[in-house]
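Participant: Here it is: the structure, laid out below.
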Amino acid sequence: SPSIFSFDFPPLLFNPSSPSNMLYSSPLLLLTTLLVCSVNSFVIPTASIHRSTTNTISPLQSTAAPSDTSSTERQARTKNGGVPQITTIESTEDYLKFLAEDERLCVVKFYASWCKSCQRFGVKYKRLASQEGDLVDPKTGEITQTGNVRFAQIEFGANARLCRTLGIKRLPNIHMNKGSVGQLSAFACGPQKFPILEHKVERFLAMTDEELKEDKILEAGSAMVDQIVSELQQGHHGDDELEEEKSTKESTP
C-alpha cells in the first residue's frame, strides 16, 4: 500500500523498451535520479499518498475501532451534543430530593470553591458526567439524552452544616447512592485518585440491586474494622504516652 516512503519514479526508468533506456548504462545518472525522487518524496510526502486518505478521519472519530459497547455509546453521546447535567444542591431538602428522584446510581461531589485540588478534580468530574450522566440542551435546559448515572455537587462553604452532618472531613469527597439500596460508598477522592471513582461507577453499574446490598454490607464491615483498628492504634499510642510520662515522674527526684 502507498506510504510516505513510496517513490514516484519517472516512467522512463522502468520502461526498458523506451529509447531512453540508455540511462541504465550511466550508473551516476541513475543514482542521481533516485536521490532526487527520494528527496521529493520526503519534502512533499502527500504526493505519494492517495487523496482518499485525507478525508477519512474527522475530529470526532477515533482512528481505532471501539473496544466495547460502552466506548461506542460515549462517542455517540459526544456527537449528539449537549452539556452534562450536574445538579447543584443547596439544602438538605435538595439533597434528599435528588437521591429519591429515581433508582439510578447517584454520585455527589463535595467541594470548596477555594480548593485548588477540588478545581482539578472538577474537570475530571465533568468529563465523567458527560460520559455517564444526563446531557441537557444548554439553551433550554431540557434533557437531550438520559444517562445511566445522575451527578450532583455540594459546595462546602455554602452548606457547612449539611456537609458536617454527612461526615465530610476532607475535600474533595464523594458519596455514591442508589435508590432503595441506599449509600454504596463514601470516600475522600483527590484528582490523583479519580480512577477509583471511575472504577466504582463501572463496577456498580454492572451489579444488580441484590449484589449491591451484599457489597454494601461487606464495605460497612470493612469500614467498621478499619475504625476499630484506628481506635486501638490511638489507644495504644495514648498508653505509650502515659507510660512515658509515668516513667519520667518516677525518675525525677
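The values are calculated or read from the model by the stated rules, or taken from the named source; none is laboratory data. Since this is a predicted model, take the numbers as computed values, not measurements. Methodologically, a virtual Cβ is constructed for each residue, glycine included, from the backbone with ideal geometry; neighbour enumeration extends over all protein chains shown. Areas reflect the complete protein model, heavy atoms only, side chains present, ligands, DNA and RNA absent. Shrake-Rupley method; radii C 1.70, N 1.55, O 1.52, S 1.80 Å.
Participant: Limited to the range 151-160, what total is found for residues that are open to solvent by 10 Å² or more (accessible area, probe 1.4 Å) and closer than 24 Å to residue 184 by Cβ?
Facilitator: Residues flagged as open to solvent by 10 Å² or more (accessible area, probe 1.4 Å) and closer than 24 Å to residue 184 by Cβ within the range 151-160 amount to 4.
Participant: Just to be sure before I move on: is residue 180 part of a helix (DSSP H, G or I), in contact with a Leu (Cβ under 9 Å, 6 or more places away or on another chain) and among the small types (Gly, Ala, Ser) in the structure I sent?
Facilitator: Spelling it out, it is not the case that residue 180 is part of a helix (DSSP H, G or I), in contact with a Leu (Cβ under 9 Å, 6 or more places away or on another chain) and among the small types (Gly, Ala, Ser).
Participant: Right, here's the next one. Considering (1) part of a loop (DSSP other than H, G, I, E, B); (2) at pLDDT below 85, say which one residue 207 fails and leave the rest.
Facilitator: Every listed condition holds for residue 207 apart from (2).
Participant: If you don't mind, another one. Just for the range 164-181: of the residues that are among the hydrophobic types (A, V, I, L, M, F, W, C) and under 23 Å from the mean Cα position of the chain (by Cα), which one is most open to solvent (accessible area, probe 1.4 Å)?
Facilitator: From the range 164-181, those among the hydrophobic types (A, V, I, L, M, F, W, C) are 166, 168, 171, 174, 176, 181; that's our starting set.
When the remaining residues are screened for being under 23 Å from the mean Cα position of the chain (by Cα), the result is 171, 174, 176.
On the way: 171: 51, 174: 0, 176: 0 Å².
Filtering the range 164-181 for residues that are among the hydrophobic types (A, V, I, L, M, F, W, C) and under 23 Å from the mean Cα position of the chain (by Cα), the one most open to solvent (accessible area, probe 1.4 Å) comes out as 171.
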